[in-house]
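Step one of this worksheet: look at the structure below.
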Amino acid sequence: MLRAFHSGLLTSVVLISATAAITIVTAFIGYHLGRESLRGVSQPVVNPILGSAVNANDQTQGERSPILDEAQIIAQTKARIAEMTEGAGEREIVPAPTTTNEPPAAEPEVSRTLPIVAEDKGVRLEISHVDTIGQDLALHVSLKNDSSQGVQFIYTFLEIKNDKGTLLSALTEGLPTEFPPGSDLVKGTILIPKSLLGDTKTLTLRLASYPNQDVQLQAANIPVE
(Lines give C-alpha, C1' and ligand atoms only; values in the text may rest on other atoms or scores of the structure.)
Protein backbone atom coordinates (compact mmCIF):
# COMPACT_ATOMS: atom_id res chain seq x y z
CA MET A 1 0.00 0.00 0.00
CA LEU A 2 2.91 2.34 0.79
CA ARG A 3 4.36 1.54 -2.61
CA ALA A 4 1.12 2.54 -4.31
CA PHE A 5 1.10 5.85 -2.40
CA HIS A 6 4.65 6.67 -3.49
CA SER A 7 3.79 5.77 -7.07
CA GLY A 8 0.76 8.13 -7.10
CA LEU A 9 2.77 10.94 -5.54
CA LEU A 10 5.50 10.52 -8.09
CA THR A 11 2.99 10.67 -10.91
CA SER A 12 1.50 13.89 -9.54
CA VAL A 13 4.92 15.50 -9.19
CA VAL A 14 5.79 14.54 -12.77
CA LEU A 15 2.55 15.99 -14.12
CA ILE A 16 2.98 19.23 -12.18
CA SER A 17 6.57 19.54 -13.36
CA ALA A 18 5.58 18.89 -16.99
CA THR A 19 2.79 21.47 -16.77
CA ALA A 20 5.12 24.08 -15.30
CA ALA A 21 7.75 23.37 -17.95
CA ILE A 22 5.22 23.69 -20.75
CA THR A 23 3.93 26.97 -19.27
CA ILE A 24 7.44 28.40 -19.02
CA VAL A 25 8.33 27.35 -22.58
CA THR A 26 5.07 28.80 -23.95
CA ALA A 27 5.58 32.11 -22.15
CA PHE A 28 9.13 32.34 -23.43
CA ILE A 29 8.09 31.63 -27.00
CA GLY A 30 5.28 34.23 -26.77
CA TYR A 31 7.61 36.83 -25.33
CA HIS A 32 10.19 36.12 -28.02
CA LEU A 33 7.65 36.35 -30.84
CA GLY A 34 6.20 39.59 -29.46
CA ARG A 35 9.62 41.13 -29.13
CA GLU A 36 10.51 40.18 -32.69
CA SER A 37 7.27 41.62 -34.06
CA LEU A 38 7.81 44.95 -32.27
CA ARG A 39 11.44 45.29 -33.23
CA GLY A 40 12.06 48.68 -34.83
CA VAL A 41 8.74 50.12 -33.57
CA SER A 42 8.73 52.84 -30.96
CA GLN A 43 6.52 55.70 -29.85
CA PRO A 44 6.69 58.58 -32.37
CA VAL A 45 8.20 61.83 -31.26
CA VAL A 46 5.98 64.80 -32.14
CA ASN A 47 7.94 67.82 -33.29
CA PRO A 48 5.83 70.97 -32.63
CA ILE A 49 8.03 73.01 -34.97
CA LEU A 50 7.72 70.80 -38.03
CA GLY A 51 4.14 69.70 -37.24
CA SER A 52 4.83 66.02 -37.99
CA ALA A 53 5.63 62.84 -36.07
CA VAL A 54 9.25 61.72 -36.35
CA ASN A 55 10.22 58.12 -35.63
CA ALA A 56 13.04 58.26 -33.17
CA ASN A 57 14.34 54.80 -34.10
CA ASP A 58 13.77 55.01 -37.85
CA GLN A 59 16.59 52.98 -39.38
CA THR A 60 16.23 54.81 -42.71
CA GLN A 61 17.11 58.15 -41.09
CA GLY A 62 19.98 56.79 -39.12
CA GLU A 63 19.82 59.53 -36.47
CA ARG A 64 17.44 61.87 -34.68
CA SER A 65 16.40 65.18 -36.19
CA PRO A 66 18.41 68.04 -34.70
CA ILE A 67 16.69 70.21 -32.09
CA LEU A 68 16.23 73.77 -33.36
CA ASP A 69 17.40 76.69 -31.34
CA GLU A 70 14.54 78.75 -29.78
CA ALA A 71 16.13 82.08 -30.68
CA GLN A 72 16.52 80.96 -34.29
CA ILE A 73 12.86 79.95 -34.44
CA ILE A 74 11.72 83.33 -33.10
CA ALA A 75 13.93 85.20 -35.58
CA GLN A 76 12.59 83.18 -38.52
CA THR A 77 9.01 83.76 -37.40
CA LYS A 78 9.50 87.54 -37.15
CA ALA A 79 11.12 87.63 -40.59
CA ARG A 80 8.20 85.70 -42.09
CA ILE A 81 5.66 88.04 -40.50
CA ALA A 82 7.54 91.10 -41.78
CA GLU A 83 7.65 89.62 -45.30
CA MET A 84 3.91 88.94 -45.30
CA THR A 85 3.17 92.47 -44.03
CA GLU A 86 5.27 94.10 -46.77
CA GLY A 87 3.58 91.94 -49.41
CA ALA A 88 0.14 93.01 -48.19
CA GLY A 89 1.15 96.69 -48.24
CA GLU A 90 2.45 96.47 -51.81
CA ARG A 91 -0.62 94.60 -53.07
CA GLU A 92 -2.49 96.62 -55.66
CA ILE A 93 -5.88 97.84 -54.51
CA VAL A 94 -8.50 97.37 -57.20
CA PRO A 95 -11.28 99.93 -56.95
CA ALA A 96 -14.82 98.63 -56.79
CA PRO A 97 -16.73 99.01 -60.02
CA THR A 98 -18.87 102.12 -60.05
CA THR A 99 -22.51 101.81 -60.88
CA THR A 100 -24.34 104.30 -62.99
CA ASN A 101 -27.96 105.16 -62.63
CA GLU A 102 -28.70 104.62 -66.27
CA PRO A 103 -32.36 103.90 -66.95
CA PRO A 104 -33.13 100.37 -68.22
CA ALA A 105 -33.47 99.93 -71.93
CA ALA A 106 -37.01 100.49 -73.01
CA GLU A 107 -38.85 97.47 -74.31
CA PRO A 108 -39.98 97.63 -77.91
CA GLU A 109 -43.54 98.76 -78.18
CA VAL A 110 -46.06 96.14 -79.23
CA SER A 111 -48.34 97.12 -82.02
CA ARG A 112 -51.95 96.87 -80.85
CA THR A 113 -53.62 98.39 -83.85
CA LEU A 114 -56.78 96.78 -85.14
CA PRO A 115 -57.72 95.31 -87.51
CA ILE A 116 -55.15 92.51 -87.57
CA VAL A 117 -54.99 90.40 -90.72
CA ALA A 118 -53.58 86.89 -91.22
CA GLU A 119 -53.45 85.35 -94.71
CA ASP A 120 -52.11 82.08 -96.15
CA LYS A 121 -52.63 80.45 -99.56
CA GLY A 122 -55.50 82.77 -100.49
CA VAL A 123 -57.39 82.33 -97.21
CA ARG A 124 -57.81 85.55 -95.22
CA LEU A 125 -58.59 85.99 -91.50
CA GLU A 126 -59.25 89.45 -90.12
CA ILE A 127 -59.77 90.50 -86.48
CA SER A 128 -61.68 93.74 -86.74
CA HIS A 129 -62.27 94.68 -83.10
CA VAL A 130 -62.38 93.36 -79.54
CA ASP A 131 -65.05 93.98 -76.92
CA THR A 132 -66.91 92.33 -74.04
CA ILE A 133 -70.06 90.26 -74.27
CA GLY A 134 -71.35 89.32 -70.83
CA GLN A 135 -68.55 87.44 -69.01
CA ASP A 136 -66.59 86.81 -72.21
CA LEU A 137 -64.00 88.66 -74.23
CA ALA A 138 -65.24 88.75 -77.83
CA LEU A 139 -62.92 88.75 -80.86
CA HIS A 140 -64.92 89.81 -83.90
CA VAL A 141 -63.42 88.07 -86.92
CA SER A 142 -64.12 87.45 -90.58
CA LEU A 143 -62.97 84.66 -92.91
CA LYS A 144 -62.78 84.56 -96.71
CA ASN A 145 -61.42 81.97 -99.15
CA ASP A 146 -60.12 83.51 -102.38
CA SER A 147 -58.18 80.40 -103.42
CA SER A 148 -59.19 77.80 -106.03
CA GLN A 149 -59.35 75.03 -103.44
CA GLY A 150 -61.96 74.38 -100.79
CA VAL A 151 -60.84 74.73 -97.17
CA GLN A 152 -62.23 73.11 -94.04
CA PHE A 153 -61.71 74.25 -90.45
CA ILE A 154 -62.42 72.38 -87.22
CA TYR A 155 -62.58 75.01 -84.47
CA THR A 156 -61.80 72.45 -81.80
CA PHE A 157 -58.19 72.85 -82.97
CA LEU A 158 -58.28 76.65 -82.67
CA GLU A 159 -55.35 77.75 -80.46
CA ILE A 160 -55.45 80.94 -78.44
CA LYS A 161 -52.61 81.73 -76.03
CA ASN A 162 -52.01 84.65 -73.67
CA ASP A 163 -48.79 86.66 -73.54
CA LYS A 164 -47.34 84.12 -71.09
CA GLY A 165 -47.82 81.23 -73.53
CA THR A 166 -50.76 79.66 -71.66
CA LEU A 167 -53.36 77.96 -73.85
CA LEU A 168 -56.88 79.33 -73.31
CA SER A 169 -60.21 77.71 -74.08
CA ALA A 170 -62.54 79.47 -76.54
CA LEU A 171 -65.87 79.09 -78.37
CA THR A 172 -66.83 80.24 -81.85
CA GLU A 173 -70.12 81.65 -83.07
CA GLY A 174 -71.23 82.19 -86.69
CA LEU A 175 -68.18 80.62 -88.38
CA PRO A 176 -68.83 77.70 -90.77
CA THR A 177 -66.52 74.73 -91.12
CA GLU A 178 -66.59 74.60 -94.97
CA PHE A 179 -65.23 77.37 -97.20
CA PRO A 180 -65.64 76.56 -100.91
CA PRO A 181 -63.32 78.15 -103.51
CA GLY A 182 -63.98 81.87 -103.93
CA SER A 183 -66.41 81.96 -101.01
CA ASP A 184 -67.91 85.20 -99.71
CA LEU A 185 -66.78 86.96 -96.56
CA VAL A 186 -68.16 85.31 -93.43
CA LYS A 187 -68.23 87.05 -90.05
CA GLY A 188 -68.24 85.44 -86.65
CA THR A 189 -67.13 85.78 -83.04
CA ILE A 190 -64.56 84.02 -80.87
CA LEU A 191 -65.49 84.08 -77.18
CA ILE A 192 -62.93 83.71 -74.37
CA PRO A 193 -64.00 83.62 -70.67
CA LYS A 194 -62.64 86.74 -68.97
CA SER A 195 -61.95 84.68 -65.83
CA LEU A 196 -59.09 83.01 -67.74
CA LEU A 197 -57.41 86.23 -68.79
CA GLY A 198 -56.14 87.62 -65.47
CA ASP A 199 -53.57 90.34 -66.25
CA THR A 200 -53.21 89.29 -69.90
CA LYS A 201 -52.33 92.19 -72.23
CA THR A 202 -52.22 90.49 -75.63
CA LEU A 203 -53.34 87.24 -77.26
CA THR A 204 -52.01 85.04 -80.04
CA LEU A 205 -54.36 83.13 -82.38
CA ARG A 206 -53.59 80.14 -84.61
CA LEU A 207 -56.06 78.39 -86.91
CA ALA A 208 -55.02 75.54 -89.23
CA SER A 209 -57.05 73.81 -91.95
CA TYR A 210 -58.30 70.26 -91.49
CA PRO A 211 -57.04 67.56 -91.87
CA ASN A 212 -53.59 68.27 -93.38
CA GLN A 213 -53.07 71.79 -91.95
CA ASP A 214 -52.12 73.10 -95.37
CA VAL A 215 -53.41 76.55 -94.46
CA GLN A 216 -51.88 78.20 -91.37
CA LEU A 217 -53.49 81.42 -90.15
CA GLN A 218 -51.67 83.13 -87.27
CA ALA A 219 -52.29 86.49 -85.63
CA ALA A 220 -50.18 87.88 -82.79
CA ASN A 221 -50.40 90.85 -80.41
CA ILE A 222 -54.19 90.90 -80.32
CA PRO A 223 -54.99 93.53 -77.66
CA VAL A 224 -57.16 92.69 -74.67
CA GLU A 225 -59.39 95.73 -73.96
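The values are calculated or read from the model by the stated rules, or taken from the named source; none is laboratory data. It should be emphasised that the depicted structure is a prediction, and the values quoted were computed from it without experimental measurement. Every residue, glycine among them, receives a Cβ derived from its backbone with ideal geometry; neighbour counts consider all protein chains shown.
For region 162-207, name all the residues that are over 38 Å from the mean Cα position of the chain (by Cα) and among the basic types (Lys, Arg).
Hit for region 162-207 is 187, nothing else.
At pLDDT below 95, within 19 Å of residue 214 (Cα to Cα) and hydrophobic (A, V, I, L, M, F, W, C): is that true of residue 171 in this structure?
Details: at pLDDT below 95: yes; within 19 Å of residue 214 (Cα to Cα): no; hydrophobic (A, V, I, L, M, F, W, C): yes.
It is false that residue 171 is at pLDDT below 95, within 19 Å of residue 214 (Cα to Cα) and hydrophobic (A, V, I, L, M, F, W, C).
Just give me the residues in region 191-212 being surrounded by 14 or more Cβ atoms within 10 Å (Cβ to Cβ) and polar (S, T, N, Q), in sequence order.
Scanning region 191-212 gives 200, 202, 204, 209.
Taking residue 177 and the conditions (1) surrounded by 12 or more Cβ atoms within 10 Å (Cβ to Cβ); (2) modelled with pLDDT under 95, which numbered condition does it fall short on, given that it satisfies the others?
So residue 177 meets the others, but not (1).
Out of the residues in region 191-223 that are in contact (Cβ under 8 Å) with a residue 12 or more places away in the chain and among the charged types (D, E, K, R), state the one that is farthest from residue 129 (Cα to Cα).
Per the criteria, the residue is 214.
When you go through (1) surrounded by fewer than 16 Cβ atoms within 10 Å (Cβ to Cβ); (2) closer than 27 Å to residue 199 by Cβ; (3) modelled with pLDDT of 90 or more; (4) not hydrophobic (A, V, I, L, M, F, W, C) one by one for residue 113, which number turns out not to apply?
Residue 113 satisfies every listed condition except (3).
Let's see how each residue does on (1) farther than 30 Å from residue 193 by Cβ; (2) at pLDDT 95 or above; (3) touching a His at 6+ places or on another chain (Cβ under 9 Å):
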| site | (1), (2), (3) |
| --- | --- |
| 90 | yes, no, no |
| 102 | yes, no, no |
| 109 | no, no, no |
| 129 | no, no, yes |
| 135 | no, no, no |
| 148 | yes, no, no |
| 152 | no, no, no |
| 165 | no, no, no |
| 182 | yes, no, no |
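Only residues that are surrounded by fewer than 16 Cβ atoms within 10 Å (Cβ to Cβ) and either farther than 12 Å from residue 191 by Cα or touching an Asp or Glu at 6+ places or on another chain (Cβ under 7 Å) (or both): list them for region 132-154, please.
Answer for region 132-154, where residues must be surrounded by fewer than 16 Cβ atoms within 10 Å (Cβ to Cβ) and either farther than 12 Å from residue 191 by Cα or touching an Asp or Glu at 6+ places or on another chain (Cβ under 7 Å) (or both): 146, 148, 149, 150, 152, 154.
Restricting to region 13-37, name every residue that is among the hydroxyl-bearing types (Ser, Thr, Tyr) and at pLDDT 80 or above.
The first filter runs over region 13-37 and keeps only residues among the hydroxyl-bearing types (Ser, Thr, Tyr), leaving 17, 19, 23, 26, 31, 37.
Correct list: 17, 19, 23, 26.
Report the residue count in region 181-190 for those that are part of a loop (DSSP other than H, G, I, E, B), of a type in the set (Gly, Ala, Ser) and surrounded by fewer than 17 Cβ atoms within 10 Å (Cβ to Cβ).
Start the filter on region 181-190 by keeping residues that are part of a loop (DSSP other than H, G, I, E, B), which leaves 181-185.
Applying the additional criterion that residues be of a type in the set (Gly, Ala, Ser) yields 182-183.
From what's left, surrounded by fewer than 17 Cβ atoms within 10 Å (Cβ to Cβ): 182.
Final tally of qualifying residues: 1.
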